[in-house]
Amino acid sequence: VGGTAFYYQALFEGILTDEMPRDRDLERAMERAWESGGAQALYEELKSVDPLAAARIHPNDRRRILRALEVFRLSGRPVSLWYEAGSKKETSLCPLYLGLYRCRESLRERIARRAAAQFASGFADEVKGLLEMGYDETCPALQGFGYRELVMYHRGRISLEEALERDIKATRAFARRQMTWFRKFAPALWYDVSRSETDEITRQVMVLWENQLKVVRFP
């Protein structure tokens with residue numbers, strides 16, 4: 001379970017977790033427990049056995065909660081430790097890490113504008129339609145930014161204005177976590193797109209790429 005950063009890490013650093021145990025019967029049993037109303041109890045169990053994983057997983061993220069519990073029940077070892085330890089394997093890849101970023105204020109402003117534009121373009125109606133079709137909070141697609149806040153709005157728990165503010169706040173926090181994560185990929189060259197022209201950045205990147213090709217030996 002992971003996102004883009006984990007894929008990069010697995011590909012370029014050889015950190016894989018394919019040795020984690022799996023049991024389809026246990027998986028189905030926990031699915032039934034979740035469906036029968038045990039979602040909160042299962043999340044509380046995860047918090048008690050693996051607080052690090054629980055802190056990173058949304059309480060409604062059934063797939064990741066159940067997978068983390070499955071690994072713990074089978075191995076007696078928290079899934080967060082599996083990812084931390086990993087199993088480094090040799091890799092012949094020689095990556096050139098290039099990153100694009102914006103200054104903090106510019107990024108915060110763009111996130112707010114993007115969220116406001118989404119809400120003004122019928123986002124709430126889209127989520128309402130999905131709920132009317134029978135989807136609910138347990139659906140992974142409805143746990144994305146904006147979706148989970150609008151589900152709460154349609155459930156009468158928060159106002160539309162609060163849903164927008166929560167969406168903006170959550171997206172900004174995610175952007176900060178992303179930058180922290182990707183700065184682990186070193187050495188890397190970062191380009192501030194809020195201060196440099198796109199054409200100039202492209203030119204510099206192409207020069208670096210051509211130089212990289214001169215020194216990398218392909219199998």
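The values are calculated or read from the model by the stated rules, or taken from the named source; none is laboratory data. Just so it is clear, the structure is predicted and the values come from calculations on it, not from any experiment. Because the Cβ atoms are built from the backbone with ideal geometry, glycine has one as well, and the counts that use them run over all protein chains shown.
Selection within the stretch 125-138: residues that are surrounded by 15 or more Cβ atoms within 10 Å (Cβ to Cβ) and in contact (Cβ under 8 Å) with a residue 12 or more places away in the chain. The member of this set that is nearest to the chain's Cα centre (by Cα) is Glu137. Listed conditions (1) touching a Pro at 6+ places or on another chain (Cβ under 7 Å); (2) at pLDDT below 90; (3) under 24 Å from Gln143 (Cα atoms) are all met by Glu35, apart from (1). Out of the stretch 41-69, which residues are farther than 24 Å from Phe174 by Cα and out of contact with any helix residue (DSSP H, G or I) (no Cβ under 7 Å at 6 or more places or on another chain)? The answer is Ala41, Ser48.
Hey, any hits in the stretch 60-68 for a residue that's in contact (Cβ under 8 Å) with a residue 40 or more places away in the chain, more than 22 Å from the chain's Cα centre (by Cα) and crowded, with 17+ Cβ neighbours inside 10 Å? Within the stretch 60-68, not a single residue is in contact (Cβ under 8 Å) with a residue 40 or more places away in the chain, more than 22 Å from the chain's Cα centre (by Cα) and crowded, with 17+ Cβ neighbours inside 10 Å. Against the test of being at pLDDT 90 or above, exposed (fewer than 11 other Cβ atoms within 10 Å of the Cβ) and not assigned by TED's automatic domain parsing to the domain that holds Asp61, the options Gly146, Gly122, Gly156 yield a single qualifying residue, Gly156. Among the residues of the stretch 38-51, just one is modelled with pLDDT under 90 and aliphatic (A, V, I, L, M), namely Ala39.
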